[in-house]
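Step one of this worksheet: look at the structure below.
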Amino acid sequence: MRPFFALALLVACGTQPDTTDTSDTSADTGCDGALSTWYADADGDSFGDPATAQEACGAPTGTVADATDCDDADGAVHPTAVDGCDSVDNDCDGATDEDGTSWFADLDGDGFGDPASAQAACEAPEGRIADGTDCDDTREWLHPYDADGDGTADGCGYRGVAAGGYWTCATDSDQLARCWGRNASYLPPAVPLTHLVGGDGNACAIDADQAIQCWGNSARVPPTGTFVAVSAGDTYSCGITTAGAIVCAGDVANGETDAPAGRFTAITTYKGSYGHSCAIDPDGAVDCWGFDNAGQTASPDGSFTAVSAGGANNCGLDGGGNIKCWGDDFYGQSTPPTGTFVALDLSGGFGCAVGSAGDLQCWGRETTGQTIPPAGTFTAVSVGSEHACAIDTSGGIQCWGSDIFGQSAVP
Ligand SMILES: [Ca+2]
Ligand SMILES: [Ca+2]
Ligand SMILES: [Ca+2]
Ligand SMILES: [Ca+2]
């Protein structure tokens, strides 16, 4: 900016005689009296050499008004330069290399540093690392992860959450499941898992071989094959195979595992006993089956992009992101909020959804605050019997509602 400013002065004041000002007797300078001091800027960094002062009306070519450059032969050395690690006083303040490079604390030892802990130095201070991308430096299982496998981190923190009856499981940044609450003693398999879902006493997920794995208080043998989607009831589970077919397995007596034939892309199962399931076909049509006492297995009209099974009702998202529900509405569980939403999850008598702006809204049965979600922006939500949990945009999990078994105490 400074050379530009100097040029503007040159044009305004100029070297031409001032023909309009009759009081000016000094036609050779064009000045109206006041002279300024100018300094050479040989390296073009807009800072002048204090040893080169000269008086003139406008800036002579190659000069600036500034006189604070400490090295007018090096354009990278001037008072506003970063004084990095090169044994040179880059910013002319008399000290050398004080800006250094940034080093970060890694308190949880996961190899990723806390970005808020930057400390400048030329050599790594004790216990500090060059990385500053940890989203939670108190939990070693939460850190940046590469979801699409392209070698660049594209997320940080928890990757999935599933609330069951009175417990919660989540997949961490390494895709390992962690569970807390009533079923904390039932350990998930220690292998990378995706598509985490939870029934009342039964959690399931898909492993790296695309097999369904289930664990928990009443886990049953899951269906076998290779799967792209999974759902979990209290004592059974269902999945969509790589060919698009639904396969269910478990110990039930109300037609819960009698899935329809055809090709499907999404599936949901009520988390409790006396359950039912619904699936979405490639045209967006919903097909439901299983226990029915309130019309919950009736197939609704219209096209859906998502669906979740509640106790005796279901809600789905239509093509516009609106929530549509059918079945029992005793608790208002089939009277959802209006607006546009991107995700939803139901349990017995209530549901919660993530709005298109990332906000949470819940509706239906209220006993312990489970329908009163926290403010903030979220990417996923899962509801249990009397609590619910959601992943926020910083990769943390927040839970609300009942905590009688520690199901809302996120590790
Ligand atoms: Ca310079
Ligand atoms: Ca330096
Ligand atoms: Ca860390
Ligand atoms: Ca961490």
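Overview of results
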read-out: Gyration tensor verdict on the stretch 140-251 (Cα atoms; rounded if a/c is under 1.5, prolate if a/b is larger than b/c, oblate otherwise); value: oblate
read-out: Gaussian network model of the chain, springs between alpha carbon atoms under 10 Å - residue of Asp329, Asp71, Asp108 with greatest fluctuation; value: Asp71
read-out: Rg(Cα)/(2.2 N^0.38 Å) for the stretch 245-358, N = residue count; value: 0.99
read-out: Computed over the stretch 37-188: relative contact order in percent, which uses C-alpha pairs under 8 Å that are six or more apart; value: 11 percent
read-out: Range in the chain, longest, excluding exposed GluC sites (Glu not before Pro) [loop by DSSP; at most 11 other beta-carbon atoms within 10 Å]; value: 127-411
read-out: Label zone at Thr37, where the point sits 7 Å out along the Cα-to-Cβ direction: the stretch 52-71 residues whose backbone N lies under 17 Å; value: 52-60, 63-70
read-out: Set of the stretch 327-366 residues, backbone N closer than 13 Å to the point 7 Å along the Cα-Cβ line of Ser303; value: none
read-out: Listed peptides 75-84, 390-399 by packing density, highest first (mean Cβ within 10 Å); value: 390-399, 75-84
read-out: Sum of side-chain charges, Val252 neighbourhood, beta-carbon under 14 Å (Lys, Arg +1; Asp, Glu -1); value: -4
read-out: For the chain: relative contact order, % (alpha-carbon pairs under 8 angstrom, 6 or more apart); value: 8 percent
read-out: Student exercise, the chain dipole from Lys, Arg, Asp, Glu Cβ charges, in Debye to nearest 20; value: 3520 debye
read-out: The chain: angle of helix 2-13 to the longest principal axis, Cα-based, in degrees nearest 10; value: 50 degrees
read-out: Length-normalised contact order of the stretch 158-401 in % [C-alpha pairs under 8 Å, at least 6 apart]; value: 13 percent
read-out: Prolate/oblate/rounded label for the stretch 298-411 (Cα gyration tensor, a/c 1.5); value: oblate
read-out: Cα-based shape type of the stretch 355-411, given that a ≥ b ≥ c are square roots of the gyration tensor eigenvalues and the cut on a/c is 1.5; value: oblate
read-out: Residues of the stretch 133-148 with amide N under 20 Å of the 7 Å Cα→Cβ point at Ser102; value: 133-139, 143-145
read-out: Label point distance in nm, Ala130-Thr224, each placed 7 Å from Cα along Cα→Cβ; value: 5.0 nm
read-out: Hull shadow area, averaged, the chain [alpha-carbon convex hull, nm²]; value: 30.5 nm²
read-out: D (Stokes-Einstein, µm²/s), Kirkwood Cα radius, the stretch 158-401, 0.890 mPa s at 25 °C; value: 142 µm²/s
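Read the figures in this text as sums done on the coordinates, not as results from a lab. Values in this document were obtained by computation on a predicted structure and should not be read as measured data. Don't worry about glycine lacking a Cβ; one is built from the backbone with ideal geometry, like all the others, and counts go over all protein chains shown.
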